[in-house]
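Every number in this text was worked out from the coordinates using simple rules, so none of it is lab data. What you see is a predicted model; the values in this text were computed from it and never measured. With ideal geometry, Cβ positions are generated from the backbone for all residues, glycine too; neighbour counts draw on all protein chains shown.
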Amino acid sequence: MQFEKLFEMQKALDRHIEEKHGLLNEDLFNRKVVALLVEIGELANETRCFKFWSVKPSSAKEVILEEFVDGIHFILSLGIECGFAPAQIELNVHGSSLNATDQFLRVYEQVNIFQQAKNLSSYIDLFAAYLGLAEQLGFTEEEIEQAYFRKNEVNYQRQQNNY
Ligand SMILES: O=c1ccn([C@H]2C[C@H](O)[C@@H](COP(=O)(O)OP(=O)(O)OP(=O)(O)O)O2)c(=O)[nH]1
């Protein structure tokens, strides 16, 4: 992943949003953690991986990818909030043996660990678990980056439209 570029783009978007809403000096950490947890729930919902009671198929890949990159936004934003630098992010994403449902639980667990610890190693574990989910869902790094670039742009437009 092009972490330098993603961090730069996220930093600029966050600054734009915080300026617009008069939040430049606010501690947004906990709100971003809740936002991330909600996004992970929305993502799980689109995959329908845990819906043992239903035979409806999952949403289209593009829809799931859009939800996935909302989570990437908040993970990057949390790293920036903590003062981490992209050069510090060395991920070891190895094929998880977990099914999608268990990988979602692992991601939730890593969010909670990171929320308590707020340190680099728990952040890296969270990022790796979330990208493990991407692997499980069949997204390449290239697809994730392209979808991130598109949604980043949409987020500017939404701010402009008084969203
Ligand atoms: O400081 C911030 C705040 C938000 N976002 C981005 C992340 C995500 O891509 C989007 C918020 O998610 P979404 O687009 O799902 O917003 P929503 O308000 O939950 O959407 P909807 O009204 O469709 O439910 O804003 C940031 O990047 N930085």
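Among the residues making up segment 16-62, those that are closer than 24 Å to Q160 by Cβ and of a type in the set (V, I, T) are I17, V38. Put simply, of H21, H16 the only residue that is without any contact (Cβ under 8 Å) to a residue 40 or more places away in the chain, within 12 Å of the ligand (Cβ to nearest atom) and more than 16 Å from the chain's Cα centre (by Cα) is H21.
If we keep just the residues of segment 147-163 that are at negative phi and over 19 Å from the mean Cα position of the chain (by Cα), which is nearest to the ligand (Cβ to nearest atom)? The qualifying residue nearest to the ligand (Cβ to nearest atom) is Y163.
Total residues in segment 115-144 satisfying the condition of being buried (at least 16 other Cβ atoms within 10 Å of the Cβ), touching a residue at least 40 places away in the same chain (Cβ under 8 Å) and assigned to a helix (DSSP H, G or I): the figure is 12. Search segment 32-54 for residues that are part of a helix (DSSP H, G or I) and pair each with any residue that is charged (D, E, K, R) when their beta-carbon atoms are under 8 Å apart and the residues are at least 6 apart or on different chains. Partner pairs satisfying both residue conditions: K32/E81; E39/E67; E39/D70; E42/E67; E42/D70; L43/E67; L43/D70; E46/E67.
Go through segment 1-28 and give me each residue that's in contact with an Asp or Glu (Cβ under 7 Å, 6 or more places away or on another chain) and closer than 24 Å to I144 by Cβ. Across segment 1-28, the qualifying residues are M1, Q2, L28.
Taking segment 56-97, which residues are among the aliphatic types (A, V, I, L, M), outside any helix (DSSP H, G or I) and closer than 26 Å to H16 by Cβ? If the condition is that a residue be among the aliphatic types (A, V, I, L, M), outside any helix (DSSP H, G or I) and closer than 26 Å to H16 by Cβ, then A85, I89 are the ones that fit. Among the conditions (1) out of contact with any helix residue (DSSP H, G or I) (no Cβ under 8 Å at 6 or more places or on another chain); (2) not small (G, A, S); (3) not in a helix (DSSP H, G or I), the only one that L105 does not satisfy is (3).
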